[in-house]
1. Filter region 145-204 down to residues that are crowded, with 20+ Cβ neighbours inside 10 Å and of a type in the set (S, T, N, Q) and give me whichever is nearest to the ligand (Cβ to nearest atom).
2. Do you know which residues across region 339-348 are more than 7 Å from the ligand (Cβ to nearest atom), in a loop (DSSP other than H, G, I, E, B) and more than 16 Å from SER400 (Cβ to Cβ)?
3. Quick check on my filter: what residues within region 273-305 are buried (at least 17 other Cβ atoms within 10 Å of the Cβ) and either within 20 Å of THR252 (Cβ to Cβ) or within 12 Å of the ligand (Cβ to nearest atom) (or both)?
4. Which of the residues belonging to region 350-375 are among the hydrophobic types (A, V, I, L, M, F, W, C) and out of contact with any Lys or Arg (no Cβ under 6 Å at 6 or more places or on another chain)?
5. Those residues that are surrounded by 13 or more Cβ atoms within 10 Å (Cβ to Cβ), more than 9 Å from the ligand (Cβ to nearest atom) and over 17 Å from THR195 (Cα atoms), I need them from region 314-338; list them, please.
6. Can you work out which of the residues in region 245-262 that are part of a loop (DSSP other than H, G, I, E, B) and within 16 Å of the ligand (Cβ to nearest atom) is surrounded by the fewest Cβ atoms within 10 Å (Cβ to Cβ)?
7. Has region 389-399 got at least one residue that is more than 12 Å from the ligand (Cβ to nearest atom), free of Cβ contacts under 8 Å to residues at least 24 places away in the same chain and in contact with an Asp or Glu (Cβ under 6 Å, 6 or more places away or on another chain)?
8. State all residues of region 359-386 that are assigned to a loop (DSSP other than H, G, I, E, B), within 12 Å of the ligand (Cβ to nearest atom) and either free of Cβ contacts under 8 Å to residues at least 40 places away in the same chain or β-branched (Val, Ile, Thr) (or both); if no residue qualifies, say none.
Amino acid sequence: MSAAALQNKKILLGITGSIAAYKAAFLTRLLIKAGAEVKVLMTPAATQFISPLTLSTLSKHPVFTEVAGAEGWNNHVELGLWADAMVIAPLTAATLGKMAHGICDNMIVAAYLSARCPVFFAPAMDVDMWHHPSTQENIQRLQGFGNHLIPVESGELASGLSGKGRLAEPETILDILHQHFSSEQVLKGKKVLLTAGPTYEAIDPVRFIGNRSSGKMGIALAEQAAALGAAVDLILGPSRLSPKNPNIKVHTVESAREMYEAAIALFPAADIAIMAAAVSDYRPEKYHSQKIKKQGEVPQILLVENPDIAATLGQRKRADQWLVGFALETQDAITNAEKKLKKKNLDLIVVNSLEDVGAGFNHDTNRITIIDQDNNYTNFELKSKKAVAKDVLAAIVHLSETAQRAS
Ligand code: PMT
């Protein structure tokens with residue numbers, strides 16, 4: 001773990017109305033000692049447990065408790081964009097529920113909804129509140145949005161009961177942030193090549209054969225790879241979406257053959273290639289330069305096979321390159337994906353099945369299984385595509401680090 005990982009990092013600390021709020025003062029001190037800059041937000045209820053003056057003195061910044069107060073409007077958007085990480089500790093069941101459902105009636109939820117940085121949340125509540133299904137569902141919803149849970153601890157609670165629900169210790173929260181910022185730039189200096197979106201295979205100037213891929217999964221992967229420090233080449237089929245990070249170079253293509261040409265040209269410079277595009281396996285043999293008219297017999301469209309991009313890269317792959325494919329299945333997902341992994345010489349395959357609700361095309365969520373060359377597989381819950389992208393890149397980083405240690 002790098003001791004300097006938190007140096008100059010901007011941390012937005014949200015404190016809600018729990019008896020554990022006093023621990024936030026210790027956390028603020030630890031963060032400042034580690035070199036971070038801390039700005040504190042509090043719900044009005046939190047101010048009944050610990051004084052804003054304590055936190056403003058420790059953080060050396062004003063503390064915000066209201067979206068609009070006596071001093072005027074507090075810019076939650078600016079704070080959300082300022083932060084490298086947002087930490088909500090302690091997080092009560094009430095604010096947890098609001099965050100999970102976008103109920104924006106306090107400064108913390110307002111900043112949370114505006115934040116583009118990673119968000120860490122450390123719940124604190126009594127044991128029965130913790131185990132209540134609504135709490136557990138809200139925790140899962142927040143994780144599904146890509147936020148990071150800092151687990152509660154077990155022990156004696158303010159109510160006198162004993163069990164799960166204690167706020168994680170400030171040292172534990174600090175460690176988690178340390179780990180996050182240490183691993184943040186693991187792909188610095190690396191090149192990642194991605195295919196994403198659908199392909200369109202033209203029949204005539206008006207019609208094409210396409211598919212329902214939106215590009216969301218591939219763009220989420222590109223964003224995450226760039227966030228980890230990689231220089232990213234994204235070969236993107238026809239999609240209404242585009243990535244935001246300036247370290248992502250977008251190569252727009254339309255057909256499978258255009259995607260193939262771009263991938264072949266870019267692959268030699270890539271350290272990692274991830275094939276998330278839904279590439280049409282076939283294209284019309286003949287392109288009609290004029291619109292096919294509705295007259296006489298129903299036209300027959302003969303199809304021919306497109307080149308397989310992943311399989312070609314699999315043949316050309318060097319020992320220092322990692323190649324990851326996706327498998328979109330509608331039945332026997334694992335068996336079919338294992339075959340594709342071997343046939344295309346992939347290092348990992350990410351399986352998503354249209355049998356799973358909320359997975360696959362166009363959804364903002366996905367549910368995946370990652371399979372490696374030894375047929376080990378890891379199942380993941382349904383999550384946002386952003387969170388799925390993190391899991392996929394973490395698996396690739398883990399694979400390459402394991403291989404490095406073994407060599
Ligand atoms: O874009 P979204 O709406 O977010 O949807 C995401 C997704 C469902 C498209 C994505 O998660 C996904 O599963 N992409 C792969 C879809 C696919 O074509 O799977 P496949 O099982 O047919 O192909 C296996 C692998 O070979 C894939 O990595 C594919 O990119 C690659 N392939 C396939 C055919 C071909 N001619 N060239 C290829 O490179």
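The values are calculated or read from the model by the stated rules, or taken from the named source; none is laboratory data. Note that the structure is predicted; figures quoted are calculated from it, not measured. Here the Cβ is made from the backbone with ideal geometry for all residues, glycine too, and neighbour counts use every protein chain on show.
1. Checking each candidate, the answer is THR195.
2. ASN345
3. ALA273, ILE274, MET275, ALA276, ALA277, ALA278, VAL279, SER280, ARG283
4. Step one: filter region 350-375 for residues among the hydrophobic types (A, V, I, L, M, F, W, C), giving 350-351, 354, 357, 359, 361, 368, 370-371.
VAL350, VAL351, LEU354, VAL357, ILE368, ILE370, ILE371, listed by residue number.
5. ALA333, ILE334, GLU338
6. Restricting to residues being part of a loop (DSSP other than H, G, I, E, B) and within 16 Å of the ligand (Cβ to nearest atom), the top hit is GLU254.
7. No - not one qualifying residue is present in region 389-399.
8. ALA359, GLY360, ARG367 - these are the residues of region 359-386 that are assigned to a loop (DSSP other than H, G, I, E, B), within 12 Å of the ligand (Cβ to nearest atom) and either free of Cβ contacts under 8 Å to residues at least 40 places away in the same chain or β-branched (Val, Ile, Thr) (or both).
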